[in-house]
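The values are calculated or read from the model by the stated rules, or taken from the named source; none is laboratory data. Keep in mind it's a predicted model, so treat the numbers as computed, not measured. Here the Cβ positions follow ideal geometry from the backbone for every residue, glycine too, while neighbour counts run over all protein chains shown. Each accessible area value is taken on the protein alone, full model and side chains, heavy atoms only, with ligands, DNA and RNA left out. Shrake-Rupley method; radii C 1.70, N 1.55, O 1.52, S 1.80 Å.
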Amino acid sequence: MKLITEWYAPLARETGPVAHAKVSELLMQFNAQSENYSPDALEAVLELDRLIAVQHQQLCEQYLLNTRMPKALEAQLRAQILGYGRQILAAYQRFMGFDPDDSSAAAIRIMLPVVIARMMHYLTEFALWQYYRHFLPDEMFWRNANQLFAYAEQHHIDAVPVQLFGEERSTTIHDLYLSLLMVSTLTSGNLAIRQIRFAYQLSLLTSRYMALGQDYEGNASFMVNLSAGQPPARLRDAMPKGQVRVWSTADLIDQLTSWVSVFESGSVPSELKAIMAAGVDAGLLRYLCREWSVRPYLYERAQRVRVDSQQIEVAQRFAQLHKLVREQEEKAREDTRRAGGSDENFDTADEVRIYGFVTSRRRERQVVPLQQQKEQFPFWDVDNRSETGLGLSLSAQGNEWVALGTLLGFRQRGDSDWSLGVVRRLQRPGQDKLYLGVHILTSRPVAAALRHEEGRTVDPATPAEMVWNQGEIALFVPLLREGRKLNTVLISIGTYAMGKQYQMVARGKVFLISLGRVVEKGTDWCQAEVELIKTLS
């Protein structure tokens with residue numbers, strides 16, 4: 001162990017990625033050597049892992065906090081993190097098959113609790129990286145994780161307190177395994193990376209409220225079969241054969257419910273401040289209460305209808321969607337004029353759709369040259385649809401940009417009108433396939449522009465595609481919430497400020513508005529409530 005410390009001392013002065021990579025190379029060389037089960041070798045591996053733990057964690061944080069990292073750098077960083085996990089797991093695995101009759105067995109057995117705890121830690125890290133990218137760990141992963149806990153349980157070390165990397169707070173193999181099981185139940189594909197990470201940290205923090213056992217008659221909520229290569233599942237009437245373990249979430253839900261109340265009062269629970277992150281709020285805790293409820297929670301969803309041989313044309317990017325919507329409006333107005341009629345009926349219908357922003361002033365005609373050549377957008381297969389959403393299947397190749405919270409424009413093949421939706425669910429049923437759940441925001445968006453109320457012009461640095469009608473682009477969308485119709489607007493996230501007043505131009509009319517609270521937020525856009533102050537002439 002002294003040799004490892006001396007070898008690492010100059011390495012510690014290197015930058016994080018360089019030192020981390022050199023430690024991975026050393027472990028790779030160690031794993032390629034002939035078998036060596038000596039206690040000294042195990043101590044050296046444990047110490048090396050402890051020394052690099054801080055830098056390894058920093059690399060993970062760098063990845064998680066940088067949501068706009070270039071794809072090449074993202075893939076490189078992810079490969080480096082997961083590569084280290086594979087090497088350290090392989091190194092620890094070498095000592096699991098030690099001869100119990102050997103003279104060194106007693107010394108190795110003393111270190112087993114921390115060895116298995118760290119193995120469970122790195123197995124969980126691998127699973128989390130799968131969940132971050134909406135993949136699921138395979139059967140071999142679950143067979144390894146379940147058998148590792150079964151081994152610890154068999155040797156009565158699953159509840160032995162250990163300090164994973166020398167921290168003050170101790171944990172156990174039981175708590176680490178249970179936390180892995182809890183986060184693995186959140187695989188419906190509608191949590192962002194930071195929310196998944198928070199859920200895992202929360203499960204570690206609250207693991208004391210749950211315990212794995214064999215009491216099938218109690219109010220157990222979930223089960224896992226240690227002799228199978230499967231993740232945990234809801235407890236059913238018929239118990240499978242094998243080493244089945246069950247646990248209840250009743251006490252956990254009581255604690256989460258009390259924290260929800262604190263959030264809703266405008267405060268952050270003191271116990272959660274250390275793990276708070278963007279995207280964590282009362283809504284996320286309520287979601288976890290439903291997913292981890294003692295009994296399965298019955299969601300009230302709009303009825304889904306299977307769809308065969310139907311495709312939709314899909315567009316992205318806020319500026320592109322605004323362009324398509326305003327071209328759609330201009331074409332409708334032009335078609336009315338070409339038919340020899342007045343556009344008064346078209347205008348009147350528009351006024352009704354602008355959620356109560358009705359004036360008696362007739363619209364000024366705006367003739368804008370129509371697009372000469374139709375732009376090409378991809379077509380995705382519709383798997384199912386409901387009154388409020390779509391289920392879509394598409395190829396993963398070429399669609400790497402799709403993420404939770406992505407704003408989409410879509411229309412059926414042959415239609416002219418664009419609808420708006422948000423990606424609520426993302427799953428990867430295979431390496432080459434994506435499945436999306438898209439919530440429909442509106443089927444009749446309205447193109448608008450926001451001008452500064454003080455009369456200031458748009459910042460010259462603003463990209464040209466974000467400017468229209470002497471203002472910053474915006475889109476009206478209807479929002480029906482709890483039976484109440486709200487005025488909302490989609491805008492660039494940099495445009496938003498609570499209570500900020502703008503002159504809003506829509507359909508040739510001008511209104512003085514004030515931005516209210518944010519209803520929803522994407523990476524570069526947000527949906528905010530709108531208060532109409534007055535109509536301007």
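The distance between label points at THR535 and THR5 comes to 8.1 nm (points 7 Å beyond Cα on the Cα→Cβ vector). For the chain, the longest principal axis of the C-alpha atoms and the axis of helix 105-132 are separated by about 10°. Compute the distance from the alpha-carbon center of region 503-523 to that of region 44-116, in whole Å. Here the answer is 50 Å between Cα centres. Sketch the reach of a paramagnetic label on ASP417 as a point 7 Å from Cα along Cα-to-Cβ, and name the residues of region 471-509 whose backbone nitrogen lies under 13 Å away. Residues 478 fall inside that zone. Evaluated at q = 0.13, 0.18 Å⁻¹, the base-10 log of the normalised Debye intensity for region 207-329, with identical point scatterers placed on the Cα atoms, takes the values -0.80, -1.01. Label point of GLN76 set 7 angstrom out along Cα-Cβ; within region 103-141, no amide nitrogen lies under 13 Å from it. With everything on Cα atoms, drop me the angle between helix 250-264 and the longest principal axis of the chain, reported from 0 to 90° to the nearest 10. Computed tilt is about 40 degrees. Volume of the convex hull of the chain (Cα atoms only), normalised per residue: 195 Å³.
In this structure, ALA332 and GLU400 have a Cβ-Cβ separation that, at R0 = 51 Å, corresponds to a calculated FRET efficiency of about 0.90. Hey, for a label at SER188 modelled as a point 7 Å past Cα toward Cβ, could you say which residues of region 470-487 have their backbone N under 19 Å away? Taking a point 7 Å out along Cα→Cβ of SER188, the residues of region 470-487 whose backbone N falls under 19 Å are 482.
A cut-off under 10 angstrom between Cβ atoms defines the neighbours of ARG385, and their net charge, with Lys, Arg +1 and Asp, Glu -1, is 0.
Centroid-to-centroid, using Cα positions, region 455-475 and region 259-319 are 33 Å apart.
For the chain, the longest principal axis of the Cα atoms and the long axis of helix 16-32 meet at an angle of about 40 degrees. Spacing of the modelled spin labels on LYS433 and GLN311, each 7 Å from Cα toward Cβ, amounts to 1.8 nm. Think of the chain as a dipole: +1 on every Lys or Arg Cβ, -1 on every Asp or Glu Cβ, centred on the Cα centre; then among VAL260, LEU204, ALA448, ALA448 lies furthest on the positive end.
Entry note, the chain: relative contact order of 9 percent, from Cα contacts under 8 Å with a spacing of 6+ residues.
Net length available on complete extension from SER34 to SER270 is 79.9 nm, with 0.36 nm assigned per residue and the Cα-Cα distance removed. Taken along the Cα-to-beta-carbon direction at a fixed 7 Å, the label points for MET96 and LEU298 span 4.2 nm. The solvent-accessible area of LYS323, taken with every protein chain present and a 1.4 Å probe, is close to 60 Å².
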